[in-house]
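**Student:** First the structure, then my questions, so here it is.
No value in this document is a laboratory result; all are computed from the given coordinates. What you see is a predicted model; the values in this text were computed from it and never measured. Cβ: placed from backbone, ideal geometry, glycine included. Neighbour counts: every protein chain shown.
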């Protein structure tokens, strides 16, 4: 056990060391790995992959290049707490400015335009999905008329954990956060929203590729659609039950402490929905997710360095965002107190995150694919390594980097469709199924560790604050909730499903 934790610690510490001397030998390692997987039958695919390997063979960024990313995280954490007026007025300029600084460094100093282009494509995909789901769900008003209770809240959270796999964690979060807060408006506390983030915005979406972006990227690479529900179901069920139980105990205690009003009007148990037409818009968004050249070759896309990026999907999503708002029920929008501020905040903050995190992601990728990194690969280091970084970096590219490392350790390539399918199936590659399971669970679960671990987290926080609820600061969220509640859960999950499996 001690050796395992030393390995994990070494893996994380190495990410912040100077990689300059190591990077000089990286080109040779990558070429050897590429040559080992070349076959006559897949020559065309390998030619496309060569472009991506060349991209990785660029000069590695120095370790100090992560300073803008760290600075942005610190300002996100401290701005609302210590210089709130300045932060809320200037965060778009700060986020965009830091992103431009890193992009300019990549293009003109490192002479590497590939990472900025890939990051731009990924950001467009990310924000198109979040914006369309946010706006379409804003036109659906769910009214739940009944007495707020711990039991009712648990039912809503459990339902949200299920539907997160059907309409994504973003769709489920935007659909349910407002009615959840209205139901508890007389006694709403930050823990209500934080457990909402834990359950619906993150861990709930572990069962299908629709549920969370990392799993969808795995699906695009070749992981079968039903793989996640087959292998992730028991950890998902365990984690959801534990969190619901802990929340119930907290909420029950809060209910008992709540003073009774002198005269309370009887509440009728009723349920109604206004703006049901927007469910059709949500369906269009979910269907559009699969309009991708990596799934259907006939779909138009932009091919760049071995990857195809769809633009039809994003056009559909942005069109849905416009038309779902244009023709939304005014009563539903008013009832939801709908504004564009939450999605505006997410748009600018994540421009900064996607722009400044490039050096950190590249250093992670380079180390993970090195001989030293591959030698340390097992289901335990993959679980904790993927998890630790998924809370602070975008969990989708983190998932891909660690999947690439896990596959490389078994002599497989993430850029070969047949390799990915064989890796997911097991049998051909040793420990491949448990490797993929550890990466998948960690990427989704640990996204709940911070406000920026997953896109819906920040949106839910912004909506809650807009409605007058004072949410914990960035560090307050981690110290008061993530560490005491999530870390023990993740440790037990690791013990049950990975260490003693």
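**Student:** Rounded to whole Å, give me the distance from the Cα center of segment 84-105 to that of segment 392-463.
**Tutor:** First find each Cα centre; the distance between them is then 29 Å.
**Student:** Right, something else. Before rounding to the nearest 500, sum -39500 (n - 2.57) across all DSSP H runs of length at least 4 in the chain and divide by the residue total; then give [θ] at 222 nm in deg cm²/dmol. Intermediate values should be presented prior to the final figure.
**Tutor:** Numbers: 24 runs with 326 residues, N = 501.
Only helices count here, giving -21000 deg cm²/dmol.
**Student:** What shape does segment 347-388 have by the C-alpha gyration tensor, where a ≥ b ≥ c are the square roots of the eigenvalues, rounded means a/c under 1.5, and otherwise prolate means a/b greater than b/c and oblate the rest?
**Tutor:** Note, shape of segment 347-388 comes out oblate.
**Student:** A further question on this structure: Could you tell me how far the Cα centroid of segment 69-83 sits from the Cα centroid of segment 109-125, in Å?
**Tutor:** 24
**Student:** Roughly how tilted is helix 2-14, in degrees to the nearest 10 and between 0 and 90, from the longest Cα axis of the chain?
**Tutor:** Compared with the principal axis, the helix lies near 80 degrees.
**Student:** Which one is right for this structure if Rg and Dmax of the Cα atoms in Å is calculated from it: (1) 22.6, 82; (2) 23.4, 75; (3) 23.7, 97?
**Tutor:** Evaluating Rg and Dmax of the Cα atoms in Å on these atoms matches (1).
**Student:** Round to a whole angstrom and tell me the spacing of the C-alpha centers of segment 165-222 and segment 269-297.
**Tutor:** Comparing the Cα centres of segment 165-222 and segment 269-297, I get a distance of 15 Å.
**Student:** At 7 Å along the Cα-to-beta-carbon direction for both residue 296 and residue 496, put a label point, then send me their distance in nm to one decimal.
**Tutor:** Those two pseudo-labels are separated by 4.0 nm.
**Student:** A further question follows. Fewest first, what order do 181, 174 take by the number of other Cβ atoms within 10 Å?
**Tutor:** 181, 174
**Student:** Calculate how steeply helix 67-82 sits against the longest principal axis of the alpha-carbon atoms of the chain, using the helix alpha-carbon long axis, and give the answer as 0 to 90 degrees to the nearest 10.
**Tutor:** 10
**Student:** How large is the Kirkwood hydrodynamic radius of segment 82-122, in angstrom, based on all distinct alpha carbon pairs?
**Tutor:** About 11.5 Å, per the Kirkwood formula over Cα pairs.
**Student:** Same structure again: Pop a pseudo-label 7 angstrom from the Cα along the beta-carbon direction at both residue 319 and residue 272 and give the gap in nm to one decimal.
**Tutor:** A separation of 3.4 nm, rounded to one decimal place.
**Student:** In addition: Measure off 7 Å from each Cα along the Cα-to-Cβ vector at residue 255 and residue 430, then give the distance between these two points in nanometres to one decimal.
**Tutor:** 5.3
**Student:** Using only Cα atoms and rounding to the nearest 10 degrees, what angle (0 to 90) does helix 190-199 make with the longest principal axis of the chain?
**Tutor:** The two axes meet at around 40 degrees.
**Student:** Where a ≥ b ≥ c are the square roots of the eigenvalues of the C-alpha gyration tensor, would you call segment 393-449 rounded, which needs a/c under 1.5, or, failing that, prolate if a/b is larger than b/c, or oblate?
**Tutor:** Judged from the Cα gyration tensor, segment 393-449 comes out prolate (a/c at least 1.5, a/b above b/c).
**Student:** Something else now. Taking only the C-alpha atoms, wrap a convex hull around segment 294-393 and report its volume per residue in Å³ as a whole number. Intermediate results must be reported in sequence, preceding the final value.
**Tutor:** On the way: hull volume 18.3 nm³, N = 100.
Given the Cα convex hull of segment 294-393, per-residue volume reads 183 Å³.
**Student:** Any chance you could run the full-extension gain for residue 145 through residue 187? It's 0.36 nm times the residue separation minus the Cα-Cα distance, nm to one decimal.
**Tutor:** 13.6 nm
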